[in-house]
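First up is the structure itself, then whatever we jot down about it.
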Amino acid sequence: MKLKIFISTLTIFMLAGFMCFNQADAQMGRGRCSSGLASGAGPGLGGNCFAGIALTPEQKSRINAIRTQFYKDTVDLRADIYKKKLEMRSLMLEQKTDSDKALKHQEKMFDLKKKLARMKLQARIDVKNSLTPEQIAQLPPGCNFGIGKMGSGTRGSGCGGGCGPQAGCSMRTW
């Protein structure tokens, strides 16, 4: 009898733990867009950004060329930012963290992020300059032209080309 109670109790706790773990994992998100495709920008026009806008073949190829060049130009910079984030995490895991060292490391990381932000802005301006005023008027609010994430504090999380809150992207960032 005691064995049955023990096994039943253990089973209930295991199921409750499993359900709590799944709920926590679901809350974190997986950086997926509502289409189920993996997040992160890649080649091609943005998902929702240019939907319903008639682009000429020249505009499409120019926009794709700008985006492709942007990602080629920033691959090393994005890798450096990721390395700095990992280094900062390791600094914070040390038993006694040196605040001066951490602050200097953070400044280096901010400098890299600032450089990336400038490059994103320039690429977005180049894409926007490829469009006519009528096409620009048709763009949805928050359109990032398929270049990088929409920005901190928004739900855009870099889900490719501008699938932001209107597409139901998760809040996971890269």
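The values are calculated or read from the model by the stated rules, or taken from the named source; none is laboratory data. Bear in mind that the values here come from a model prediction, so they are computed numbers and not experimental data. We place every Cβ from the backbone using ideal geometry, glycine too, and count neighbours over all the protein chains shown.
Quick one: count up the residues across region 129-174 that are modelled with pLDDT of 90 or more and β-branched (Val, Ile, Thr).
1
Matching residues to (1) under 17 Å from the mean Cα position of the chain (by Cα); (2) among the hydroxyl-bearing types (Ser, Thr, Tyr); (3) under 21 Å from Gln69 (Cβ atoms):
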position	(1), (2), (3)
Ser90	no, yes, no
Glu94	no, no, no
Lys108	no, no, no
Asp111	no, no, no
Leu116	yes, no, yes
Gln122	no, no, yes
Val127	no, no, yes
Ser130	no, yes, yes
Glu134	no, no, no
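Kindly evaluate Lys128 against the criterion of being surrounded by 14 or more Cβ atoms within 10 Å (Cβ to Cβ) and within 13 Å of Leu77 (Cβ to Cβ). Quick ask: steps written out before the conclusion?
Details: surrounded by 14 or more Cβ atoms within 10 Å (Cβ to Cβ): yes; within 13 Å of Leu77 (Cβ to Cβ): no.
Here the answer is no, as Lys128 does not meet what is asked.
Run down Cys49, Cys20 and say which single residue is touching a Leu at 6+ places or on another chain (Cβ under 9 Å), surrounded by 10 or more Cβ atoms within 10 Å (Cβ to Cβ) and either at pLDDT below 90 or within 30 Å of Glu134 (Cα to Cα) (or both). Walk me through it before giving the result.
Working: Cys20 fails: touching a Leu at 6+ places or on another chain (Cβ under 9 Å).
The match here is Cys49.
Would you say Gln122 is within 19 Å of Gly148 (Cα to Cα) and either surrounded by 12 or more Cβ atoms within 10 Å (Cβ to Cβ) or basic (Lys, Arg) (or both)? Step through it out loud before you land on a result.
Numbers: within 19 Å of Gly148 (Cα to Cα): yes; either surrounded by 12 or more Cβ atoms within 10 Å (Cβ to Cβ) or basic (Lys, Arg) (or both): yes.
Yes, satisfied.
For the structure I just gave you, tell me whether Asp126 is at pLDDT 85 or above, farther than 22 Å from Cys49 by Cα and of a type outside the set (A, V, I, L, M).
Working: at pLDDT 85 or above: yes; farther than 22 Å from Cys49 by Cα: no; of a type outside the set (A, V, I, L, M): yes.
Spelling it out, it is not the case that Asp126 is at pLDDT 85 or above, farther than 22 Å from Cys49 by Cα and of a type outside the set (A, V, I, L, M).
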